[in-house]
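Enquirer: Can you read through this structure? Questions will come right after.
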Amino acid sequence: MDLIVARNREDLVKARGGGEVALVPTMGALHEGHRSLMRLARSRADQVVVSVFVNPLQFGPNEDFSRYPRTFEADLEVCRAEGVDVVFHPNAEDMYRPDRQVSLLAGRMGEIVEGESRPGHFDGVLTVVLKLFNLVQPSVAVFGQKDAQQLALIRRMVADLDVPVEIVGAPTVREHDGLALSSRNRYLSEDDRQVALALSRALRAGEAERRPGAIREAAREVLAAAGPRLDVDYVVLVDPATFTEVGEEHAGEAVLAVAARVGATRLIDNVVLNVNPD
Ligand code: AMP
């Protein structure tokens with residue numbers, strides 16, 4: 001069956017097939033990372049719905065909402081190639097009525113690390129994700145580990161609000177040289193791209209260490225060595241579920257997460273590692 005494009009709840013109801021639905025929420029400008037999520041979704045349900053929506057609520061006033069890449073026709077081709085059943089592509093005016101009042105608050109976890117740099121970002125993410133769940137009514141939704149704090153917060157939302165959707169995390173897809181795929185990579189010049197490689201290099205340097213202090217130190221050194229064109233926002237080693245910094249005696253999984261700006265482009269990356277192994 002050919003791909004269905006749904007613009008609103010009525011279209012989604014008509015497109016419903018009767019079986020289990022897996023949702024892949026995206027902001028479009030689809031790349032190989034998104035495709036891996038679609039394949040995982042396909043393996044988990046009868047029908048795959050991909051949403052393509054650049055959510056104004058999750059962008060701050062000085063962020064890149066207006067220049068975020070919008071490539072809908074190409075996105076449709078990607079979805080067709082992946083055998084997606086439905087692309088949900090709503091208008092911002094339909095998603096957010098002018099008289100709307102109620103939205104979600106991400107709480108403390110939404111205010112730290114990435115949330116400290118982007119106030120209100122995770123409130124906007126959780127609000128749109130809950131709306132998408134209510135509109136699409138999936139039994140499964142797939143999110144990338146690339147946005148580790150987002151994934152952790154969505155798990156938290158589903159647990160705290162008893163949302164009947166299973167959350168599946170998908171590994172980060174990278175270029176051969178280590179750069180994590182991102183829709184924002186298309187802003188990067190070839191020179192910027194070389195600078196941006198320091199992020200994944202820093203994560204690998206951290207992975208080679210065992211103790212929290214040494215892990216953070218190794219990552220910071222690599223980022224510092226990239227020079228002034230890399231404007232580092234944070235390097236943290238945090239608990240995967242709470243995003244609070246782990247102590248020196250922590251043993252087990254932790255997320256090493258970095259954020260930095262190259263020119264006007266803000267990039268994030270992370271890796272899950274095993275700290276203080278026996
Ligand atoms: P975005 O369109 O950037 O909002 O991302 C949509 C989904 O794709 C989110 O769940 C992201 O975590 C995921 N994603 C983005 N980049 C990658 C990547 N390189 N590998 C795997 N998943 C990704």
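Enquirer: Would you work out which of L203, V235, V125 lies farthest towards the positive end of the dipole of the stretch 117-276? Charges go on Cβ: Lys and Arg +1, Asp and Glu -1.
Expert: The residue sitting farthest along the positive end of the dipole is V125.
Enquirer: Okay, moving on. Equivalent ellipsoid semi-axes for the stretch 181-278, as square roots of 5 times the alpha carbon gyration tensor eigenvalues: give them largest first, rounded to whole Å.
Expert: Result for the stretch 181-278: semi-axes of 25, 13, 10 Å.
Enquirer: R174's amide H: which non-local residues (gap 5+, or another chain) put their own amide H closer than 5 Å, with H modeled 1.01 Å from N in plane and none for Pro or chain starts?
Expert: L181
Enquirer: Could you work out the mean projected area of the convex hull around the alpha carbons of the stretch 93-163, in square nanometres to one decimal?
Expert: 5.3 nm²
Enquirer: Still on this model: Can you give the % of DSSP beta bridges in the chain that are antiparallel, to the nearest 5?
Expert: The antiparallel fraction comes to roughly 50 percent.
Enquirer: List the longest stretch of the chain that has no exposed loop site; here a site is one of the GluC sites (Glu not before Pro) assigned by DSSP to anything other than H, G, I, E or B, with at most 11 other Cβ within 10 Å.
Expert: The longest such stretch corresponds to 1-247.
Enquirer: Taking only DSSP H segments of four or more residues, each worth -39500 (n - 2.57), what value at 222 nm results for the chain once the sum is divided by all its residues, to the nearest 500 deg cm²/dmol?
Expert: -11000 deg cm²/dmol
Enquirer: So for the chain, considering every pair of alpha-carbon atoms, how many percent are separated by more than 24 Å?
Expert: So the pairs more than 24 Å apart make up 51 percent of the total in the chain.
Enquirer: Show me, for the stretch 251-257, the HN-Hα J-couplings you get by feeding each phi into the Karplus relation (A = 6.51, B = -1.76, C = 1.60, θ = phi - 60°), rounded to Hz, glycine and proline as x.
Expert: With coefficients 6.51, -1.76 and 1.60, one gets 10, x, 6, 8, 9, 8, 10 Hz.
Enquirer: Taking amide H atoms as placed 1.01 Å from N in the peptide plane, list the residues 5 or more away in sequence, or in a different chain, whose amide H sits under 5 Å from that of Y234.
Expert: HN-HN under 5 Å from Y234: A259.
Enquirer: How much of the accessible area of the stretch 108-212, probe 1.4 Å, is carbon plus sulfur, in whole percent?
Expert: Here carbon and sulfur together make up 46 percent of the probe-accessible area.
Enquirer: Return the Cα extents of the stretch 188-243 along principal axes one, two and three, sorted largest first, each rounded to a whole Å.
Expert: 34, 21, 16
Enquirer: Taking the alpha-carbon centroid of each part, what is the distance from the stretch 162-179 to the stretch 237-278 in angstrom?
Expert: The stretch 162-179 and the stretch 237-278 have Cα centres spaced 16 Å from each other.
Enquirer: How large is ³J(HN,Hα) for each residue in the stretch 139-145, as worked out from phi by the Karplus curve 6.51 cos²θ - 1.76 cosθ + 1.60 (θ = phi - 60°), to whole Hz, x for Gly and Pro?
Expert: My calculation for the stretch 139-145 gives 8, 9, 9, 10, 10, x, 5 Hz in order.
Enquirer: Compare L104, L37, L76 in a GNM of the chain, Cα atoms joined below 10 Å, and give the one with the largest fluctuation.
Expert: L104
Enquirer: Suppose all protein chains stay in the model; what accessible area per residue would a 1.4 Å probe give for the stretch 88-238, in Å²?
Expert: 48 Å²
Enquirer: If you put +1 on each Lys and Arg Cβ and -1 on each Asp and Glu Cβ, how big is the dipole of the chain around its Cα centre, in Debye rounded to 20?
Expert: The dipole of the chain has a size of about 380 debye.
The values are calculated or read from the model by the stated rules, or taken from the named source; none is laboratory data. Worth saying up front: this structure is predicted, and the values here are computed from it rather than measured. Because the Cβ atoms are built from the backbone with ideal geometry, glycine has one as well, and the counts that use them run over all protein chains shown. Protein only, heavy atoms only, side chains kept; ligands, DNA and RNA dropped before computing areas. Shrake-Rupley method; radii C 1.70, N 1.55, O 1.52, S 1.80 Å.
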